[in-house]
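Take a look at the structure set out below.
The values are calculated or read from the model by the stated rules, or taken from the named source; none is laboratory data. Just so you know, these numbers come straight off a predicted model, no measurement behind them. For neighbour counting, all protein chains shown are included, and Cβ atoms are generated from backbone atoms with ideal geometry for every residue, glycine included. Heads up: the accessible areas ignore ligands, DNA and RNA and are worked out on the full protein's heavy atoms, side chains in. Shrake-Rupley method; radii C 1.70, N 1.55, O 1.52, S 1.80 Å.
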2 protein chains.
Amino acid sequence: MQSSKVMPIARLSLHDETVARLRTMITEGDLLPGSRIAERELCDRFGISRTPLREALKVLASEGLVELLPHRGARVTRLSEVELRDAFEIVATLEALAGELACRRIDEAALAHIEAVHLRMAEHYRRAELAEYFACNQIIHEAINRAAGNAQLTEMYALVSNRVRRARYMANHSPERWAAAMREHEEILDALRRRDGKACGPLLRAHLEHKLYTLTDGNVAP
Amino acid sequence: MQSSKVMPIARLSLHDETVARLRTMITEGDLLPGSRIAERELCDRFGISRTPLREALKVLASEGLVELLPHRGARVTRLSEVELRDAFEIVATLEALAGELACRRIDEAALAHIEAVHLRMAEHYRRAELAEYFACNQIIHEAINRAAGNAQLTEMYALVSNRVRRARYMANHSPERWAAAMREHEEILDALRRRDGKACGPLLRAHLEHKLYTLTDGNVAP
DNA sequence: AACTTGCATATTGAATGCAATCCTCGAAAG
DNA sequence: CTTTCGAGGATTGCATTCAATATGCAAGTT
């Protein structure tokens, strides 16, 4: 039993809980792109009625994670290579902005946190532990976003990056590219330390653009 | 009458229609920020039941146009000055990206269209016709976004700029600022003509940042 | 044999009903 | 006179029901 003091009866609406749950299932790959979403099945699985489920599907559709086909149900969105490129162009720009703003607004505690995670990431890189590396990587990018002190930016970043989250495992992680990514992270961190927003933004943007290149193997025109 | 081949009997769901209608009402100021949205009243007004209306409200909440208070209904979102600044930072960055991409991808027809609207806008400027000027202004910004050839960017731009659309009339339009805005538009158009993305992006960003300044009278730190 | 055509079934879209929660307003206590 | 409490009504959240549309299959036609 949870303490009623720290857990204010945790009463999230079924609707909100369903949105969060489905979103995680999609971004984490439990529901694969292109797969049909049967209302009835999910209702049974979640133990809820169709009303909150359908509300959740509409919200996820507006986030671009699912597509609603009139009278034919919902599918998990599948991005084309061009759409993947388009999303990355946006993510790269948003993160550049986040880095630039973070240089203005970050405090020492947040910077120290990023440095600590960076060290852990470097260690995972040395040991070639991909999943752990990605986890640290994502923590750093999210920390930079938070440090930017712009809640809407964090929201937009999450919105677009959710669409391409699954793609990160598709990347062709050559040792050379991985080494370059680590160097880029060093530079980014350094720019943050110097509070050099004019440098930090472009560095982050280039970093993300390189990542896109590894994802598509250069198949998509910029 | 349209050909029955190309128009398969326009059938939009009540839900989608309601989203569009409510969104317009909010961005155009028919529903004022902070005002309560009574489900029942809108149902009667639209002649629909609560189900599609509630679905629409959830979607608009995910777009940030309304806030849902658990068991207490919906209100039209009211942005603080800081949130207005945050939104503008994002819009400025997105539009800079749009301008940069447009320089790569715009064709002559789209450029000619922008030039035509620009001339109309200049004429409205000379006659000091504010509403008409704004209309042209918005058409140009939307055209640049479309010319970027990134559907998700257009979508994100609309998402964030919808939140601040109403604010444009709050701007302190001094003659000096208005003249400067026109000069900036000239420069932006010129960069587009030259396909100079490296110049066009920053010009657009600066243009939007100046606009924010006129909105807040410099009250908000950058 | 392949292609329509019509009907039965399944699924989605929207409306209604019911229980839980919140707000109003007045009365009573301090 | 102000504040607290609570009953009644209104509103929301969710489940259920009804209606509209699509899918699948079988029979009939060419």
Taking region A:12-63 as the region of interest, how many residues are among the polar types (S, T, N, Q) and farther than 25 Å from B:SER49 by Cβ? 3
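Every residue in region B:152-177 that is acidic (Asp, Glu) and either more than 28 Å from A:GLY64 (Cβ to Cβ) or touching a residue at least 60 places away in the same chain (Cβ under 8 Å) (or both), please. Write out each step before concluding.
Within region B:152-177, the first condition is being acidic (Asp, Glu), and the residues that meet it are B:155, B:176.
Correct list: B:GLU176 only.
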I'd like to check something: does region A:141-151 contain any residue that is open to solvent by 50 Å² or more (accessible area, probe 1.4 Å), in contact with a Phe, Trp or Tyr (Cβ under 9 Å, 6 or more places away or on another chain) and touching a residue at least 40 places away in the same chain (Cβ under 8 Å)? no
Residue that is farthest from DNA strand C (Cβ to nearest atom) [pool: residues in region B:57-71 that are touching a Lys or Arg at 6+ places or on another chain (Cβ under 8 Å) and of a type in the set (A, V, I, L, M, F, W, C)]: B:LEU65
Those residues of region A:103-140 which are in contact (Cβ under 8 Å) with a residue 60 or more places away in the chain, among the hydrophobic types (A, V, I, L, M, F, W, C) and touching a helix residue (DSSP H, G or I) at 6+ places or on another chain (Cβ under 6 Å), in sequence order: A:CYS103, A:ILE106, A:ILE114, A:MET121
Inside region B:80-97, can you point out the residues that are open to solvent by less than 30 Å² (accessible area, probe 1.4 Å), more than 8 Å from every other protein chain (Cβ to nearest Cβ) and of a type in the set (A, V, I, L, M)? B:LEU84, B:VAL91, B:ALA92
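Scan region A:108-126 and tell me whether some residue there is more than 19 Å from A:ARG195 (Cα to Cα) and under 12 Å from the mean Cα position of the chain (by Cα).
no
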Conditions (1) open to solvent by 30 Å² or more (accessible area, probe 1.4 Å); (2) touching a Ser or Thr at 6+ places or on another chain (Cβ under 9 Å); (3) at pLDDT below 95 -> B:SER62 fails only (3)
If you go through region B:117-127 one residue at a time, how many are open to solvent by 50 Å² or more (accessible area, probe 1.4 Å) and assigned to a helix (DSSP H, G or I)? 5
A:ALA180 being without any contact (Cβ under 8 Å) to a residue 40 or more places away in the chain, open to solvent by less than 30 Å² (accessible area, probe 1.4 Å) and closer than 23 Å to B:ASP86 by Cβ: no
For region B:42-54, give me the residue count where each residue is near DNA strand C (Cβ under 7 Å from one of its atoms) and part of a helix (DSSP H, G or I). 3
Contact list, first residue from region B:69-81 and part of a helix (DSSP H, G or I), second anywhere and more than 6 Å from DNA strand D (Cβ to nearest atom) and among the hydrophobic types (A, V, I, L, M, F, W, C), beta-carbon distance below 8 Å, six or more apart or interchain, is B:GLU81/B:VAL220
Any idea which of (1) more than 12 Å from DNA strand D (Cβ to nearest atom); (2) within 10 Å of another protein chain (Cβ to nearest Cβ); (3) open to solvent by 40 Å² or more (accessible area, probe 1.4 Å); (4) at pLDDT 95 or above is the one B:ALA20 doesn't satisfy? (2)
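Please enumerate the residues belonging to region A:65-79 that are more than 10 Å from chain B (Cβ to nearest Cβ), open to solvent by 70 Å² or more (accessible area, probe 1.4 Å) and within 15 Å of DNA strand D (Cβ to nearest atom).
A:GLU67, A:ARG72, A:ARG75 - these are the residues of region A:65-79 that are more than 10 Å from chain B (Cβ to nearest Cβ), open to solvent by 70 Å² or more (accessible area, probe 1.4 Å) and within 15 Å of DNA strand D (Cβ to nearest atom).
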Does A:ILE26 satisfy being closer than 27 Å to B:THR93 by Cβ, more than 14 Å from chain B (Cβ to nearest Cβ) and buried (at least 18 other Cβ atoms within 10 Å of the Cβ)? yes
Which of (1) over 16 Å from the mean Cα position of the chain (by Cα); (2) touching a residue at least 24 places away in the same chain (Cβ under 8 Å) is the odd one out, the single condition B:GLU95 does not satisfy? (1)
Can you tell me which of (1) open to solvent by 30 Å² or more (accessible area, probe 1.4 Å); (2) part of a helix (DSSP H, G or I); (3) within 14 Å of another protein chain (Cβ to nearest Cβ); (4) hydrophobic (A, V, I, L, M, F, W, C) is the one B:LEU212 doesn't meet? (1)
What residue, among those in region B:35-59 that are free of Cβ contacts under 8 Å to residues at least 12 places away in the same chain and within 11 Å of chain A (Cβ to nearest Cβ), is most open to solvent (accessible area, probe 1.4 Å)? B:ARG50
Does B:ARG166 fit the bill of being facing another protein chain (nearest Cβ under 10 Å), of a type in the set (D, E, K, R) and surrounded by fewer than 23 Cβ atoms within 10 Å (Cβ to Cβ)? no
Given the structure, is A:ARG193 surrounded by fewer than 22 Cβ atoms within 10 Å (Cβ to Cβ) and not small (Gly, Ala, Ser)? yes
Could you identify the single residue in B:ALA87, B:ALA128 that is more than 17 Å from A:GLU89 (Cα to Cα), hydrophobic (A, V, I, L, M, F, W, C) and touching a Ser or Thr at 6+ places or on another chain (Cβ under 9 Å)? B:ALA87
